[in-house]
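We did not get these values from a lab; they are worked out from the coordinates using the rules stated. Just so you know, these numbers come straight off a predicted model, no measurement behind them. Note that we place each Cβ from the backbone using ideal geometry, even for glycine, and neighbour counts take in every protein chain shown.
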Amino acid sequence: MKRCTVKRTLPESESQVLGLLVKAQCRTRFSQRVTLGRLYTVSRSDTQFSALLLVDKGELQRLLAILARKQLVVEQRSGVFRQSCYTHRLVCHDRSRRSISIQEGAIFTALLAHGPMGPSRLFEQVTPVCSFNSMVELRDVLNRMVQCCRSPLIALVPFEAGHVEPRYTHIFDPGLCQSG
């Protein structure tokens, strides 16, 4: 039986919304909070999170509220009209930065959207979002994310026959807690 290292799991709809928020913040270089309207617009056009195409604004707001209760998202009111703005609360391995990097965000988003993947497939998935110069650079970021002692965002999937390379998954994957 595998030892469960995941503190909590997320249903697919919640992990998709979290991934969408991380991706939206990657696009703005983490400089802005993302409004509900902006997040809804991104969800309508983003094929990576196609399951969210069926979600209306009310459902999206409900899922964000659940993520806020789980302390993964922060909701703040700002601006003249006191709009709800959202930011994720995922932290990186480096204490000198407050948030995850664009590369880390792209990897985490791809794993949330597509499930466990090896470095080769991840390289294909994250290239449109951010550029890695080589597979070596991608593997370096993956290793840093796995070895983070404070709060790793990804984990290695136990090796399964038939896979050529190691696979990674996000830490909220319910598959990490299943017995084998």
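Taking amide H positions as placed in the peptide plane 1.01 Å from N, state which residues far from Asp173 in sequence (5 or more) or on other chains have amide H under 5 Å from it.
Distant-sequence amide H within range of Asp173: zero hits.
Could you go through segment 9-26 in sequence order and give the Karplus-derived ³J(HN,Hα) for each residue, using 6.51 cos²θ - 1.76 cosθ + 1.60 with θ = phi - 60°, rounded to whole Hz, and x for Gly and Pro?
So the Karplus estimates, Gly and Pro as x, are 10, 10, x, 4, 4, 5, 5, 5, 5, 4, x, 5, 5, 4, 5, 4, 6, 4 Hz.
Order these by the 10 Å Cβ neighbour count, fewest first: Arg167, Arg121, Arg38.
Fewest-to-most Cβ neighbours within 10 Å comes out as Arg121, Arg38, Arg167.
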